[in-house]
Amino acid sequence: MPFLQNTWYMFGHAHEVTTDSFLNRTIADVDLLVYRKTDGTLAALHDLCPHRFVPLHKGKQIGDAIQCGYHGLEFGSDGQCVKHPVTGAQIPKTACVQSYPVVERDTLIWVWPGNADRADASLIPDYSFLTQPDRRNVGGYLHTLANYQLSSDNLLDLSHVQFVHSSMQASEAFERSTFRVEQEGEEITTYLTLPNGLPPPLYRTMLDPGTPLDITFEMRWNLPSCIRLRMTGTAVGKPEEQLFQTMSAHVVSPETASTSHYFYINSRTTDLDNPEADATIRNWQEQGFTQEDKPMLEAQQRYIGDRDLMSLNPAGLKTDAGAVRARRILAERIANEPQIPDRLDTRSYA
């Protein structure tokens with residue numbers, strides 16, 4: 001399965017990479033190592049020494065360079081070999097590593113695996129709400145044995161919460177739910193509204209459990225699989241009377257054709273200094289994402305295997321509309337993208 005190359009993929013949370021610890025992950029079938037230089041800025045390299053093809057993460061960082069743990073060659077942030085461990089020894093011209101554009105923004109780390117000349121940081125989706133001082137963020141990471149587009153489908157159609165997350169979010173208003181999709185350019189937004197219903201169990205601690213409300217899930221999707229959820233509760237029939245609003249980031253990056261990285265962050269404006277509130281959120285993230293979403297997605301993947309989901313002619317529901325549009329946009333971009341030369345060609349040494 002081909003991946004879009006000329007795009008920004010989330011590599012990790014900013015706090016995962018410090019000046020004392022680098023991080024390696026595979027993104028879109030590319031093995032990457034990201035580290036911080038001594039000035040705190042980020043660098044991204046292909047996680048493979050060109051000498052004997054040992055992963056660089058088996059080595060260590062020395063200043064602004066990464067030393068291979070096998071024979072001691074050191075590579076700078078531009079990928080060039082900057083030091084041979086033997087004084088006076090010649091450094092082969094082919095002793096270089098592919099480097100990649102990398103950006104830290106809104107507490108997230110993004111990498112661009114495609115043509116570096118086309119890397120435009122303005123194309124990174126907006127998650128600036130994560131840096132607002134009046135918010136408290138609680139997030140995490142989940143490795144999933146499923147294609148990343150299955151996770152994107154799952155997020156764009158939140159009607160599944162009625163069943164997959166029934167103990168937390170089932171609503172007696174579900175049978176009256178409405179769904180619509182908006183598209184602006186390559187950005188997709190889905191809206192699922194549960195009208196005139198009592199608060200689901202997850203929200204009863206912050207709302208009067210006996211007072212009905214309208215709840216709307218707004219999911220914004222950007223290439224390749226970057227989603228922002230705005231969840232709003234309003235008085236019945238009065239959208240201007242807001243009772244609560246939460247924001248969250250959900251970004252899925254492909255690892256391989258059948259595995260993916262899922263990054264999530266809940267951002268709230270209440271109980272900012274309350275560790276119990278943090279713990280509550282972590283508990284339902286663990287239950288909802290790890291115990292409920294993950295098994296469902298992995299079961300899908302086991303059946304689908306290496307086939308394309310749409311080639312199986314799945315029965316379509318109205319709530320699939322956002323996911324189908326997103327898949328079409330992504331497929332079109334991939335189909336029209338120029339081929340990038342294989343970076344793993346065997347090198348000859350002189």
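Some notes on this structure:
- Top-ranked residue of the stretch 38-53 - restricted to ones that are buried (at least 16 other Cβ atoms within 10 Å of the Cβ) and part of a loop (DSSP other than H, G, I, E, B), ranked as nearest to the chain's Cα centre (by Cα): 47
- Counting the residues of the stretch 68-104 that are exposed (fewer than 14 other Cβ atoms within 10 Å of the Cβ) and not charged (D, E, K, R) gives 7.
- Residue match in the stretch 250-257 (condition: within 17 Å of residue 156 (Cα to Cα), at pLDDT 95 or above and either surrounded by fewer than 19 Cβ atoms within 10 Å (Cβ to Cβ) or among the charged types (D, E, K, R) (or both)): no
- Filtered by the rule that a residue be under 16 Å from residue 64 (Cβ atoms), out of contact with any Asp or Glu (no Cβ under 6 Å at 6 or more places or on another chain) and not aromatic (Phe, Trp, Tyr), the stretch 20-37 gives 20, 21, 34, 36.
- Filtered residue count, the stretch 54-107, keeping only those that are of a type in the set (A, V, I, L, M, F, W, C) and closer than 18 Å to residue 30 by Cβ: 8
- Cβ-Cβ contacts under 9 Å between residues 6 or more apart (or on different chains), taken from a first residue in the stretch 22-38 that is within 20 Å of residue 6 (Cα to Cα) and of a type in the set (A, V, I, L, M, F, W, C) to a second residue that is surrounded by fewer than 16 Cβ atoms within 10 Å (Cβ to Cβ) and at pLDDT below 95, are listed as 30/343.
- Candidates 171, 177, 167, 159 - the one that is touching a residue at least 12 places away in the same chain (Cβ under 8 Å) and under 30 Å from residue 333 (Cα atoms): 159
- Condition met for residue 144 (β-branched (Val, Ile, Thr) and surrounded by fewer than 18 Cβ atoms within 10 Å (Cβ to Cβ)): no
- Residue list for the stretch 256-279, restricted to those being touching a residue at least 40 places away in the same chain (Cβ under 8 Å), in a helix (DSSP H, G or I) and over 25 Å from residue 126 (Cα atoms): 277
- Qualifying residues in the stretch 309-329 (those that are under 17 Å from residue 258 (Cβ atoms) and touching a residue at least 24 places away in the same chain (Cβ under 8 Å)) - the one surrounded by the most Cβ atoms within 10 Å (Cβ to Cβ): 327
- Qualifying residue in the stretch 112-131 (condition: in contact with a helix residue (DSSP H, G or I) (Cβ under 8 Å, 6 or more places away or on another chain) and charged (D, E, K, R)): no
- Residues satisfying the stated conditions in the stretch 185-231, i.e. crowded, with 22+ Cβ neighbours inside 10 Å, farther than 30 Å from residue 331 by Cα and either touching a helix residue (DSSP H, G or I) at 6+ places or on another chain (Cβ under 8 Å) or of a type in the set (Val, Ile, Thr) (or both): 194, 200, 215
- Residue within the stretch 113-125 that is within 24 Å of residue 280 (Cα to Cα), of a type outside the set (Lys, Arg) and surrounded by 15 or more Cβ atoms within 10 Å (Cβ to Cβ) present: no
The values are calculated or read from the model by the stated rules, or taken from the named source; none is laboratory data. What you see is a predicted model, and the numbers here were worked out from it, not measured in a lab. When we count neighbours, we look across all protein chains shown, and the Cβ atoms used for this are built from the backbone with ideal geometry, even at glycine.
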